[in-house]
Amino acid sequence: LLRGTLATHVSDAQCGFKAIRADVAARLLPLVEDTGWFFDTELLVLAERAGLRIAEVPVDWVDDPDSRVHIVSTARADLAGIVRMWRAFTTGRLPLADLRAQIGRGPLVEPTLDGVPSGLVGQLVRFAAIGAVSTLAYLAIFVGLRHTMDPQPANLVALAVTAVANTAANRRFTFGRSGRAGAVRAQGQGLLVFALGLVLTSGSLGLLHATVAVPGTALELAVLVAANAAATVLRFLLLRHWVFRARPAAPVPAVHPELETSR
């Protein structure tokens, strides 16, 4: 529940042993509202969202066989705490930005709203802008070549010319990759994505000419725009999740952590 709703990476939030630096405790503890079993979970989630380094270390623990907990009431209180924290994060009630600026030590994985991954909106806007320019260039090249070529080779040349530029622009501006490292690999994968777009557009043109004896250029362009729309959705998904997928960040070594918890 904690991982699914609050995006925490702590494996055991409620183990009873915690150690925290005094200056960090002075900033976090006033923000912790729960005074029951959810207290340490809330503390850890706040620390993680504030960008603090958290180390989970093994400890020797002696169990008290006579310890008791009311499972139903505790579970109900924990669920209420999860809802309260999720609401606070989504509404911005907690001063996370101030905490990160003052005591944070690393990048924060922000919670996502309504299933929207972090950074997706900005990528979509940049991808759409590049796609609009690429589509106009593609259509202009296609129309120019259509006077001397059949539709299929004209489509192939127009797509090939714009595909390389499109991949390079998306690499730099949409997904923030620069430098020569990985550029050749990205272009190679981009050509495979281009091939899928070629299949969609060429297949659409072939189907059009199989059903309409002599389609006009306007009808060809309309079919190509529709096919390109489908190819664009596929291209974005492949670029985001395959060609320029986010590499997992290297684990931060637990050296002098601000907060330690057992596991």
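Pairs under 9 Å by beta carbon, first residue in a helix (DSSP H, G or I) in segment 120-132, partner open to solvent by 80 Å² or more (accessible area, probe 1.4 Å), six or more apart or different chains?
ARG126/PHE173; PHE127/PHE173; ALA129/PHE173; ILE130/PHE173
From the list ALA22, ALA26, ALA13, pick out the single residue that is modelled with pLDDT under 90 and of a type outside the set (S, T, N, Q). Spell out the reasoning first.
Working: ALA22 fails: modelled with pLDDT under 90; ALA26 fails: modelled with pLDDT under 90.
Going through ALA22, ALA26, ALA13 in turn, just one is modelled with pLDDT under 90 and of a type outside the set (S, T, N, Q): ALA13.
Find the residue count for segment 1-52, including only residues that are acidic (Asp, Glu) and open to solvent by 50 Å² or more (accessible area, probe 1.4 Å). Give the derivation first.
Of segment 1-52, the ones acidic (Asp, Glu) are 12, 23, 33-34, 40, 42, 48.
Now narrow it down to the ones that are open to solvent by 50 Å² or more (accessible area, probe 1.4 Å): 12, 23, 33.
Final tally of qualifying residues: 3.
Regarding THR167, is this residue within 18 Å of PHE236 (Cα to Cα) and among the polar types (S, T, N, Q)?
Yes.
Which members of segment 133-164 meet the condition of being among the hydrophobic types (A, V, I, L, M, F, W, C) and within 20 Å of VAL243 (Cα to Cα)?
Scanning segment 133-164 gives LEU159, ALA160, VAL161, ALA163, VAL164.
Under 7 Å between Cβ atoms, at least 6 apart or on separate chains: pull out the pairs that start in segment 48-67 with a residue that is in contact (Cβ under 8 Å) with a residue 40 or more places away in the chain and end on any residue that is assigned to a loop (DSSP other than H, G, I, E, B) and acidic (Asp, Glu).
As it stands, the answer is LEU52/GLU258; ARG53/GLU258, since those pairs meet every condition given.
From the list THR232, THR201, exactly one residue is within 21 Å of VAL121 (Cβ to Cβ) and surrounded by 12 or more Cβ atoms within 10 Å (Cβ to Cβ). Which is it? Even if it seems obvious, please write down each step before you answer.
Details: THR201 fails: within 21 Å of VAL121 (Cβ to Cβ).
The conditions single out THR232.
If we keep just the residues of segment 13-32 that are in contact with an Asp or Glu (Cβ under 7 Å, 6 or more places away or on another chain) and assigned to a loop (DSSP other than H, G, I, E, B), which is nearest to ARG84 (Cα to Cα)?
Going through the qualifying residues, I end up with VAL32.
Just to be sure I understand the filter: pairs with C-beta atoms under 9 Å, separated by 6 or more residues or on different chains, first member in segment 207-230 and assigned by the TED database to the domain that holds VAL143, second member open to solvent by less than 40 Å² (accessible area, probe 1.4 Å) and β-branched (Val, Ile, Thr). Which pairs pass?
LEU207/VAL223; LEU208/VAL223; PRO215/VAL223; VAL223/THR201; LEU224/THR201; ALA227/THR201; ASN228/THR201
May I ask you to verify whether GLY51 is on the phi < 0 side of the Ramachandran plot, assigned to a loop (DSSP other than H, G, I, E, B) and not hydroxyl-bearing (Ser, Thr, Tyr)?
Details: on the phi < 0 side of the Ramachandran plot: no; assigned to a loop (DSSP other than H, G, I, E, B): yes; not hydroxyl-bearing (Ser, Thr, Tyr): yes.
For GLY51, the condition - on the phi < 0 side of the Ramachandran plot, assigned to a loop (DSSP other than H, G, I, E, B) and not hydroxyl-bearing (Ser, Thr, Tyr) - is not met.
For segment 72-94, does any single residue satisfy the condition of being under 17 Å from CYS15 (Cβ atoms) and of a type in the set (Val, Ile, Thr)?
Checked against the condition, which is being under 17 Å from CYS15 (Cβ atoms) and of a type in the set (Val, Ile, Thr), segment 72-94 yields at least one hit.
Hey, PHE175 hits all of (1) open to solvent by less than 30 Å² (accessible area, probe 1.4 Å); (2) modelled with pLDDT of 80 or more but one; which does it fall short on?
Checking PHE175 against (1) open to solvent by less than 30 Å² (accessible area, probe 1.4 Å); (2) modelled with pLDDT of 80 or more, the one that fails is (2).
Scanning segment 84-95 for residues that are more than 16 Å from ALA50 (Cβ to Cβ) and in contact (Cβ under 8 Å) with a residue 12 or more places away in the chain, which turns out nearest to the chain's Cα centre (by Cα)? Lay out the reasoning, then the answer.
Narrowing segment 84-95 to residues more than 16 Å from ALA50 (Cβ to Cβ): 84, 86-87, 90-91.
Applying the additional criterion that residues be in contact (Cβ under 8 Å) with a residue 12 or more places away in the chain yields 84, 86, 90.
On the way: ARG84: 25, TRP86: 19, THR90: 17 Å.
Restricting to residues being more than 16 Å from ALA50 (Cβ to Cβ) and in contact (Cβ under 8 Å) with a residue 12 or more places away in the chain, the top hit is THR90.
Can you name the condition, by its number, that ALA140 falls short on among (1) modelled with pLDDT under 80; (2) open to solvent by 30 Å² or more (accessible area, probe 1.4 Å); (3) in a helix (DSSP H, G or I)?
Exception for ALA140: condition (1).
For segment 96-106, name all the residues that are surrounded by fewer than 17 Cβ atoms within 10 Å (Cβ to Cβ), in contact (Cβ under 8 Å) with a residue 12 or more places away in the chain and under 23 Å from the mean Cα position of the chain (by Cα).
Keep residues of segment 96-106 that are surrounded by fewer than 17 Cβ atoms within 10 Å (Cβ to Cβ), which gives 97-98, 101-102, 105-106.
In the following step, the residues that additionally are in contact (Cβ under 8 Å) with a residue 12 or more places away in the chain were identified as 102, 105-106.
Listed by number, the residues that qualify are ARG105, GLY106.
Taking LEU191, is it at pLDDT below 80, within 25 Å of the chain's Cα centre (by Cα) and assigned to a helix (DSSP H, G or I)? Give the derivation first.
Details: at pLDDT below 80: yes; within 25 Å of the chain's Cα centre (by Cα): yes; assigned to a helix (DSSP H, G or I): yes.
Yes, satisfied.
The values are calculated or read from the model by the stated rules, or taken from the named source; none is laboratory data. Bear in mind that the values here come from a model prediction, so they are computed numbers and not experimental data. Glycine also receives a Cβ, built like all others from the backbone with ideal geometry; neighbour counts cover every protein chain displayed. Just so you know, the surface numbers come from the protein's heavy atoms only, side chains and all, with ligands and any DNA or RNA stripped out. Shrake-Rupley method; radii C 1.70, N 1.55, O 1.52, S 1.80 Å.
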